[in-house]
1. On the given criteria, is B:I64 surrounded by 13 or more Cβ atoms within 10 Å (Cβ to Cβ), part of a helix (DSSP H, G or I) and either aromatic (F, W, Y) or in contact (Cβ under 8 Å) with a residue 24 or more places away in the chain (or both)?
2. Just to check your reading of the model, which residue among B:R473, B:R481 is buried (at least 19 other Cβ atoms within 10 Å of the Cβ) and facing chain A (nearest Cβ under 9 Å)?
3. Test of understanding: among B:I384, B:I437, B:I419, which residue is within 18 Å of B:F264 (Cβ to Cβ) and hydrophobic (A, V, I, L, M, F, W, C)?
4. Looking at the range B:172-214 only, could you name the residues that are within 24 Å of B:V465 (Cα to Cα) and touching a Ser or Thr at 6+ places or on another chain (Cβ under 7 Å)?
5. Of B:I468, B:I495, which residue is within 10 Å of chain A (Cβ to nearest Cβ), in contact with a helix residue (DSSP H, G or I) (Cβ under 9 Å, 6 or more places away or on another chain), β-branched (V, I, T) and within 30 Å of B:K184 (Cβ to Cβ)?
6. Residues in the range A:323-334: is at least one surrounded by fewer than 19 Cβ atoms within 10 Å (Cβ to Cβ), acidic (D, E), more than 24 Å from the chain's Cα centre (by Cα) and closer than 25 Å to A:N96 by Cβ?
7. If you go through the range A:283-306 one residue at a time, do you hit one that is within 25 Å of A:H409 (Cα to Cα) and at pLDDT 95 or above?
Protein chains: 2
Amino acid sequence: MRSDKSALVFLLLQLFCVGCGFCGKVLVWPCDMSHWLNVKVILEELIVRGHEVTVLTHSKPSLIDYRKPSALKFEVVHMPQDRTEENEIFVDLALNVLPGLSTWQSVIKLNDFFVEIRGTLKMMCESFIYNQTLMKKLQETNYDVMLIDPVIPCGDLMAELLAVPFVLTLRISVGGNMERSCGKLPAPLSYVPVPMTGLTDRMTFLERVKNSMLSVLFHFWIQDYDYHFWEEFYSKALGRPTTLCETVGKAEIWLIRTYWDFEFPQPYQPNFEFVGGLHCKPAKALPKINFYLQEMENFVQSSGEDGIVVFSLGSLFQNVTEEKANIIASALAQIPQKVLWRYKGKKPSTLGANTRLYDWIPQNDLLGHPKTKAFITHGGMNGIYEAIYHGVPMVGVPIFGDQLDNIAHMKAKGAAVEINFKTMTSEDLLRALRTVITDSSYKENAMRLSRIHHDQPVKPLDRAVFWIEFVMRHKGAKHLRSAAHDLTWFQHYSIDVIGFLLACVATAIFLFTKCFLFSCQKFNKTRKIEKRE
Amino acid sequence: MRSDKSALVFLLLQLFCVGCGFCGKVLVWPCDMSHWLNVKVILEELIVRGHEVTVLTHSKPSLIDYRKPSALKFEVVHMPQDRTEENEIFVDLALNVLPGLSTWQSVIKLNDFFVEIRGTLKMMCESFIYNQTLMKKLQETNYDVMLIDPVIPCGDLMAELLAVPFVLTLRISVGGNMERSCGKLPAPLSYVPVPMTGLTDRMTFLERVKNSMLSVLFHFWIQDYDYHFWEEFYSKALGRPTTLCETVGKAEIWLIRTYWDFEFPQPYQPNFEFVGGLHCKPAKALPKINFYLQEMENFVQSSGEDGIVVFSLGSLFQNVTEEKANIIASALAQIPQKVLWRYKGKKPSTLGANTRLYDWIPQNDLLGHPKTKAFITHGGMNGIYEAIYHGVPMVGVPIFGDQLDNIAHMKAKGAAVEINFKTMTSEDLLRALRTVITDSSYKENAMRLSRIHHDQPVKPLDRAVFWIEFVMRHKGAKHLRSAAHDLTWFQHYSIDVIGFLLACVATAIFLFTKCFLFSCQKFNKTRKIEKRE
C-alpha cells in the first residue's frame, strides 16, 4: 500500500518536473538485498528530479519488486535457473560457517562463494547481453548514464557495449581490491587497513606487517582466482582482449557508501565521492506511519526513563537457531530497558516481559526515537548509518563480509562494543549492552559522529545525484579521472624508473671502480719503472 | 573611495548578521601581494556572515592597506627594518634573473631568495610572538580559528602558542614540499608532477625519470636548507623540540587555491579542499563601475567584430624594460583586435593605434566582457582563474614561481599557448596571439574548463567559508586528518615492515639452505659408509 502511494507521489512530482532543467535517461544495474535498499533511494530522488529511470533485473530477485506499481521502469529478463538454493547456501554460510573463522579465512570463504556462483552470474549476464531484442531496445533509448553496483559483474560490460558513461555505487569490494586495482585508490599500508580485516588506521608494528601481507595476498589471490575468469568472458563479449579492471576503471564517478564520520581518513582520487548515509532521514512519529504501530509506540512509551533498545540483524538474517535465540533473550530479559527485536523465528523460552518480537520494525524511526538508548546490530551499512544519523551507540554482532569492518570502525571511534556472534554468551551480550548504555562516552561519541554527519556542505543524497546528473550534462567527468588509469602497473609504481636509476648508479659505480683500478695499475707500473730506473 | 563604500556595506551586513547563527572570532596571518587579494575575499565573506576578523600585519605591507576604513580589524606591529629593498630585489630577481633559468634552477633560485630573507622573516615573527602586550591581548580574545597563509612562516607557530585550531590557505609551496611532507599529500611520481617543474600528468619515460629525481632533490634539499632553520627557531619559541612539519601538519584544513578545472587529477587527503577561483564573480558592465571607465567601454566597443585582447602581468610587474615593451607593442600593433594593456612604464615607440595603456584595469570585468577574445597573462593564479571563470583562452608569459606551472596546466588542457618571457620576439607573441584567437579549439577548451568550474555542488568561496566555520563550530576537524601524521617517515613508507619481511625471507632462505646442505652432507656420508661396507 505504501509503495503504491509513493509511486503516485513520484508520478506527480515527475509531472511537475517536466520541462524544468535537464531531464535525462538513467539505466541501472543494481545488486539485490540491502544494496538495493540503498540504491533505490538514489533512484527515487532521480525520479523526483524528472529523470527517467530503468532498472535491469532478472525474474526472481529478493527485494527488487518489479511487480509493484512504481515510477521506476523495469527491464526483466527470465532466468533459466532458480536462485533460491544459492540464497539458502549463502544464508547458511553467513550464519553458520563464516562467524567461526578468522578474518582473512572469512574473506577467502566469501570470495569462494562468489567463485562458486560465478557460473550462474555469467549465465545471468549472458541472458542480458546476448538478448538482441533487449540490447537493441536499450541502444535505441540512448541512455545518458548508467548507475552500476559492481558487486555483481556485468553492469560495466553493458555500459561498454551500449557506449554509455557510467557511475558506480559501492560500499566495498572483497578486500577492497576493485577500488585499489581498478579505481586507483591509493592505500598506504602503514595507515590504511585492508578492508574486511577488522584493522584500524592506528596499527601496531605486527598489525602493519599483517596488513601488508594480507594486502599482497588479497591482491594476487583474488586477481588470479576470480578476475581472470571474468576477463575471459568480457573479452569474448567485447570481441577484443580486455581486463575486468579496464572496464570497471572506466567509471566516471565512484559513489562510495561511507563518509568521514565512519571511514578512517585516507587519501582518495577526485572521482571518488563519499555519500554514506544518503538513505537516512529524520524519524517520523510512529503512530503517524501506521495505525498498527500505535501499539509499538505504547510499548516504547511504557519504558519510561529507562528507554528502549532496538535489535535487528538486518533483512537477511531474520532468524537464528533456538539455542542462540535463548542466549540472546535471557540477556535482554535482564536489562531495565524495553527491547524491540526484529525476529521471525520461534519465540524463545527465555524471553523476558521487557522484550517484544516483531516481524518488521520501522528501524529508522525507532533509532530516531527520543527513548532509544542502544542498537544491537549485525553491522550492516544501512543500519550503522541510521545509528550514526541519530547518534545511537551500538552493540555490534558482525556476521560476515563488511560487517566485521563496519563494527571495527565504530568500535575504534568509541561508539560501539563488539561481541562474537559464534561464541557469545548471555553474559557477553548483557555486559556489552550495559556498557554502551551506562558509560556515557559511547553516547557522546555517537553524538559526535552524528554532528559530523549532519554538518556537511551538501547532503550525501544531493551529492550522489549531483554527480550522476553531472555525468549526464557533460557526458562524463574525465577531468576527475587520474592519468594512473593509462599506466601499466610497473609504470604506475615507477618500477621502470627505479630500475633505470639503479642501473645508472650501478654503471657509475662500475665505471668509477674500473677507472680507479686502472689508475692504480698505471700508478703501480710507473712506480715500478721508476724503481727500476 | 570604493573601499570606503564596501567597508560601509560590510558594517551594515554585520549589523544584520548579529544574532543569526554562530558568530565567531577569526585571527588571520596573511601573506602580502596577490595572496592577500585572494584571502581578502574569504575575510569579506566571513564578515558578511557575522564573524569578527582580525588581521595581523607589520607596519609596511604592500597591498594590505590597514589604514583605510574597513570592517576588518588590524593588529599592526612595527617592523624595525624597511622591507622596500627586499621588494625591489624580488622584482629584479623575478623579471631579470629567473626567466633565463631552467625550471629547477628557477625553483632553487626562488628558494635561495626565501633563505636570504629568512633573517627578516624571523625578525618579523619575533616582533609578534615576543610582543607580550599583543600576545596577551590575542590570548584573552579567545579566537575560534586562525586562517594562515603558510608561505611566510610564523602563523602556525602563533596558532600553537595561542592554542587556536587553524586552517591553511595556499596555492603551492616551493616544489610542493609543504603539502607533501607536512600535509601528507600523496604524490605517486608516475602521474603527479613535482609542482613548479612545468611537467604534466602525462609524462614520457624520461620525464618520469626527471620528475622522480627532482622530487628527491627538492625534498632533501629544501628540508635541509630551509626547514631546519625554522625548526630551531620554532623549538626555541615553543620551549620544546619540534619541526616545521609538526606545527604546519597540525592544520585542520588545507584550503588549496585550485580546483579540478585547473589541476591534473591526483589523490588527496580528506582535509584538503580545492577552492580555486573563489574570488571570481560575474563581470559588471564597465560604465556602471566608474564614470571614468566609460572611455574604456567606448574603446572596447570600437573594436567591432574583432573584439579585444586583455593584457596584464599582474600587480607585481607593472613595468618591463623599454626593449621588451617595444617587442610587445610591435606585435600587438599587428592584430586586428583592440588591446587593453595594464602598463605603468614609458610609452613604447612601437605602440599601435589599436593598443591603449592603463595604470589599472578592471580585469575581471574585462575578461567577462562579451568582446574579449584572449588574455595575455604572466600566469598568476588569480588571473588564470578569472580567465577560466569567463572561458577566455590565454597567451601565457610565465615569469617565476608557480606561474610556469600554471601556464603548463592551461597548455596541457588546450586553453593556452606559452611563450618565453626572456627570449620572446614580436613574431612569437604575434603567432601565439593569432593561434589562440583563430584556432577555435582554444576557445572551446577554455569554455569546457569554465563549464567545469561553474558546475560544482557548492561554490568555492562557500566551501572555503564552510570549512573555516566548521572548525569554529567543532573546535577542529580531526576526523579528516589522517593517521599518517602520527607516523615516523620510515613507518609511513613501511620501511620497517619491508625490512622485517625481507629479514624473514632471508632467514627462511638461510635456514632452508643450511638444512639442505646438512641433509646433502648426511646423505653423502651415508653413501660413503654404504660404499665402504
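1. The answer is no for B:I64.
2. Criteria check complete, one pass: B:R481.
3. B:I384
4. Across the range B:172-214, the qualifying residues are B:E179, B:K184.
5. Selected residue: B:I495, the only one of B:I468, B:I495 that is within 10 Å of chain A (Cβ to nearest Cβ), in contact with a helix residue (DSSP H, G or I) (Cβ under 9 Å, 6 or more places away or on another chain), β-branched (V, I, T) and within 30 Å of B:K184 (Cβ to Cβ).
6. Checked against the condition, which is being surrounded by fewer than 19 Cβ atoms within 10 Å (Cβ to Cβ), acidic (D, E), more than 24 Å from the chain's Cα centre (by Cα) and closer than 25 Å to A:N96 by Cβ, the range A:323-334 yields at least one hit.
7. Within the range A:283-306 (the criterion being within 25 Å of A:H409 (Cα to Cα) and at pLDDT 95 or above), the answer is no, since none of the residues qualifies.
Per-residue answers, yes or no, for (1) crowded, with 22+ Cβ neighbours inside 10 Å; (2) in contact (Cβ under 8 Å) with a residue 60 or more places away in the chain; (3) more than 30 Å from A:I253 (Cβ to Cβ):
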| residue | (1), (2), (3) |
| --- | --- |
| A:A415 | yes, no, no |
| A:N420 | no, yes, yes |
| A:T435 | no, no, yes |
| A:T438 | no, no, yes |
| A:S441 | no, no, yes |
| A:P457 | no, no, no |
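The values are calculated or read from the model by the stated rules, or taken from the named source; none is laboratory data. The shown structure was predicted, so the numbers you read here are calculated from the model rather than taken from an experiment. We place every Cβ from the backbone using ideal geometry, glycine too, and count neighbours over all the protein chains shown.
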